[in-house]
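A short worksheet on the structure shown next.
The values are calculated or read from the model by the stated rules, or taken from the named source; none is laboratory data. Keep in mind it's a predicted model, so treat the numbers as computed, not measured. As a convention, Cβ positions derive from the backbone with ideal geometry for all residues, glycine included, and neighbour counts pool all protein chains shown. Keep in mind that these areas ignore ligands, DNA and RNA; they rest on the heavy atoms of the full protein, side chains included. Shrake-Rupley method; radii C 1.70, N 1.55, O 1.52, S 1.80 Å.
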Amino acid sequence: MANVQQLCGYLEEFAPRSLAEDWDNVGLLVGDPSQPVRRVMTCLTVTPASVREAVEEGVEMIVSHHPMPFRPLKRLTTETTPGRLLLQLVRAGIAVYSPHTAFDSAGAGINQRLAAGLGLSEIAPLVPQEENAADLGTGRIGRLTPASTQAAFSERVKDFLQLTHLQVVGPPDRELSRVAVACGAAGELLSAAVTAGCDAMVLGETNFHTCLEAEALGISLLLTGHYASERFAVERLADALQEPFPELTIWASRRESDPLAWV
């Protein structure tokens with residue numbers, strides 16, 4: 001029977017921790033490496049809904065894209081949401097592994113999958129990791145062949161991520177040929193996209209002032225929402241884990257959802 005450490009070993013090969021940002025908290029965050037595992041659930045975030053599902057379904061290990069805990073805790077009590085959730089997980093004997101920004105930047109990680117799913121060609125890291133292979137790094141850039149208008153490309157983004165709405169910065173008739181993608185909250189990568197000569201950037205979310213800066217610089221932004229920009233890859237991650245561990249029951253959380261809704 002597989003154990004927690006064996007799954008950790010595979011995940012660290014799939015998304016090496018050396019790719020994670022310095023501020024991040026990745027790897028095995030909760031649990032006993034020697035614990036046997038039969039049932040594994042992937043999710044975007046450890047939430048009351050995903051923890052309840054894991055406990056009720058008899059999961060031994062959660063692979064959560066976002067870390068839990070993310071920041072150091074001075075105390076572990078039920079008086080805070082992180083403390084309450086962590087205590088539930090510990091009582092149920094559920095380990096938690098988070099690949100987070102290592103998964104974002106991996107060769108088969110979220111940004112690579114997002115760029116490929118949007119039909120970009122000549123895909124390369126937006127910010128390469130100099131010490132690693134050419135396919136590793138933060139974000140991705142690629143080419144639209146043939147070029148597309150912002151309006152038409154927006155429809156492609158919505159189709160791939162199964163969205164009904166999309167926030168955009170820029171005119172609908174702008175011609176796009178070189179595009180950057182960066183999942184999650186990625187506004188800090190705007191300058192890299194501009195330097196790379198991109199006409200547009202697809203990202204999860206950013207702040208108002210970054211949108212104003214993009215408008216002033218003449219680069220389009222297509223904002224999908226943080227959840228949508230990453231959740232699809234959590235589902236693919238469950239499939240990726242199943243292949244080397246066919247004896248395990250592995251699925252992406254069926255209960256987590258985007259906390260933001262259009263009304």
Kindly list, by first and then second residue, each pair from a residue in segment 89-105 that is in contact (Cβ under 8 Å) with a residue 40 or more places away in the chain and open to solvent by 10 Å² or more (accessible area, probe 1.4 Å) to a residue that is part of a loop (DSSP other than H, G, I, E, B) and of a type in the set (S, T, N, Q), limited to pairs with Cβ atoms under 9 Å and residues at least 6 apart or on different chains. GLY93/GLN35; HIS100/ASN25
Those residues of segment 168-211 that are under 28 Å from VAL234 (Cα atoms), open to solvent by 30 Å² or more (accessible area, probe 1.4 Å), in a strand (DSSP E or B) and not small (Gly, Ala, Ser) come to a total of 3
Is one or more of the residues making up segment 18-39 part of a loop (DSSP other than H, G, I, E, B), closer than 17 Å to LEU89 by Cβ, of a type in the set (D, E, K, R) and in contact with a helix residue (DSSP H, G or I) (Cβ under 8 Å, 6 or more places away or on another chain)? yes
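Taking the condition assigned to a strand (DSSP E or B), open to solvent by 10 Å² or more (accessible area, probe 1.4 Å) and of a type in the set (Ser, Thr, Tyr), does THR138 pass? Show your work before the answer.
Values: assigned to a strand (DSSP E or B): yes; open to solvent by 10 Å² or more (accessible area, probe 1.4 Å): yes; of a type in the set (Ser, Thr, Tyr): yes.
Answer is yes for this residue.
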Go through (1) β-branched (Val, Ile, Thr); (2) in a helix (DSSP H, G or I); (3) surrounded by 23 or more Cβ atoms within 10 Å (Cβ to Cβ) for VAL63 and report which single condition fails. (2)
Matching option when the condition is open to solvent by less than 80 Å² (accessible area, probe 1.4 Å), farther than 17 Å from HIS226 by Cβ and not in a helix (DSSP H, G or I), among LEU76, LEU126, LEU86, LEU163: LEU126
Considering each of ASN25, ASN3 in turn, give the residue that is touching a residue at least 40 places away in the same chain (Cβ under 8 Å) and not aliphatic (A, V, I, L, M). ASN25
